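Accompanying notes for the structure given below.
The values are calculated or read from the model by the stated rules, or taken from the named source; none is laboratory data. Everything numeric in this text was worked out from a predicted model, so none of it was measured. Every residue, glycine as well, gets a Cβ built from its backbone with ideal geometry; the counts of neighbours run over all protein chains shown.
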Amino acid sequence: MKRIAALLALATLAGCGSGGPNPIVQEAWDEAQGLWTNEPADASATPPRALTRNDIETADVSAIWARLGSDPSPTLLYATAQNGPFVTYLSPFRQSITLRSSQITATRGLGWDLMSAWSSPNDPLAHPTPPASWPTTVERSYEFPADGPRGRIETYQCSLERGPARELVILQRRHVGVEFSETCTGAAGQFENLHLADSATGFVWRSLQWTGPRMQLLDLQVLEPLD
């Protein structure tokens, strides 16, 4: 079972017992360059070793990659807290993404926060469903910051369309899946999502998800889900 370093500071997350920092976890943090930092890279620094599948498995952590729009590389985030079906992942820069299975339900520190998101009970992102049983429509609601005690809520009706079979490699692990496109329409406008669902279980290993009108699509890759 993958560990969650619940409610720990990043320095504590990188530590392991009394023997000092866990080099696998620490190196994983060091390897993550980050999407949302404006700090220039240190040209004199030794380039970090690339993250490997063995690093994740040895560290025994649940982890994701996330990338905004056209940014050149993803940021590594580790699971740090769980509340029922919701798992929150944290980056070295204290940005966070909360998932319900593969559905993005909240973000912090990525630019414009998604306070919360929810969907109809048949949502295959939140409840993995074999591709043959995916619904054709899903309702999605999003809460964004606004004046007053409650945020602004936008609701969309989304149509799902099955696409071709695809193969995808995420950090040296091969996935065979089915592509689904999703078109969502509401009073505030329209957007499109794209998902790669496992051909057997329907778990979404990679997706492009909308998280708000001021944000680019968020490219989410699940490196190791929480067991």
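How many residues are among the hydrophobic types (A, V, I, L, M, F, W, C) and crowded, with 21+ Cβ neighbours inside 10 Å if we restrict to segment 77-89?
First, pick out the residues of segment 77-89 that are among the hydrophobic types (A, V, I, L, M, F, W, C): 77, 79, 81, 86-87.
From what's left, crowded, with 21+ Cβ neighbours inside 10 Å: 77, 79, 87.
Within segment 77-89, residues that are among the hydrophobic types (A, V, I, L, M, F, W, C) and crowded, with 21+ Cβ neighbours inside 10 Å number 3.
Taking Trp112 and the conditions (1) within 24 Å of Asp219 (Cβ to Cβ); (2) surrounded by 14 or more Cβ atoms within 10 Å (Cβ to Cβ); (3) of a type outside the set (Lys, Arg); (4) modelled with pLDDT under 95, which numbered condition does it fall short on, given that it satisfies the others?
Answer for Trp112: the failing condition is (2).
Quick one: how many residues across segment 176-207 are closer than 23 Å to Leu77 by Cβ, surrounded by fewer than 19 Cβ atoms within 10 Å (Cβ to Cβ) and not aliphatic (A, V, I, L, M)?
Result for segment 176-207: 2.
Of (1) modelled with pLDDT of 85 or more; (2) part of a loop (DSSP other than H, G, I, E, B), Arg49 satisfies all except one. Which?
Single failed check for Arg49: (1).
Tell me which residues, restricted to segment 125-141, are outside any loop (DSSP other than H, G, I, E, B) and crowded, with 18+ Cβ neighbours inside 10 Å.
The answer is Pro131, Val138, Arg140.
Can you find even one residue in segment 142-150 that is in contact with a helix residue (DSSP H, G or I) (Cβ under 8 Å, 6 or more places away or on another chain), in a strand (DSSP E or B) and not basic (Lys, Arg)?
Initially, segment 142-150 is screened for residues in contact with a helix residue (DSSP H, G or I) (Cβ under 8 Å, 6 or more places away or on another chain), giving none.
Scanning segment 142-150 turns up no residue that is in contact with a helix residue (DSSP H, G or I) (Cβ under 8 Å, 6 or more places away or on another chain), in a strand (DSSP E or B) and not basic (Lys, Arg).
Which residue is nearest to the chain's Cα centre (by Cα), if the candidates are limited to segment 164-175 and must be surrounded by 13 or more Cβ atoms within 10 Å (Cβ to Cβ) and under 27 Å from Arg140 (Cβ atoms)?
So, considering only residues that are surrounded by 13 or more Cβ atoms within 10 Å (Cβ to Cβ) and under 27 Å from Arg140 (Cβ atoms), the one nearest to the chain's Cα centre (by Cα) is Ile170.
Anything in segment 151-201 that is on the phi > 0 side of the Ramachandran plot and not in a strand (DSSP E or B)? List them, or say none.
Result: Leu171, Gln172.
Return only the number of the condition from (1) crowded, with 19+ Cβ neighbours inside 10 Å; (2) within 19 Å of Thr107 (Cβ to Cβ); (3) in contact with a Ser or Thr (Cβ under 9 Å, 6 or more places away or on another chain) that Trp210 does not satisfy.
(3)
Taking segment 78-94 on its own, how many of its residues are without any contact (Cβ under 8 Å) to a residue 24 or more places away in the chain and either part of a strand (DSSP E or B) or of a type in the set (A, V, I, L, M, F, W, C) (or both)?
Summing the residues that are without any contact (Cβ under 8 Å) to a residue 24 or more places away in the chain and either part of a strand (DSSP E or B) or of a type in the set (A, V, I, L, M, F, W, C) (or both) in segment 78-94 gives 3.
Return yes when Thr129 is within 30 Å of Thr52 (Cα to Cα) and within 18 Å of the chain's Cα centre (by Cα) and no when it is not.
So Thr129 fails the test.
Can you tell me which residues in segment 95-124 are among the aliphatic types (A, V, I, L, M), closer than 14 Å to Gly151 by Cα and in a strand (DSSP E or B)? Give the steps one after another, and end with the answer.
Our first condition is that a residue be among the aliphatic types (A, V, I, L, M); within segment 95-124, this holds for 97, 99, 104, 106, 110, 114-115, 117.
Imposing the further condition that a residue be closer than 14 Å to Gly151 by Cα reduces the set to 106, 114-115, 117.
Within segment 95-124, Ala106, Leu114, Ala117 qualify.
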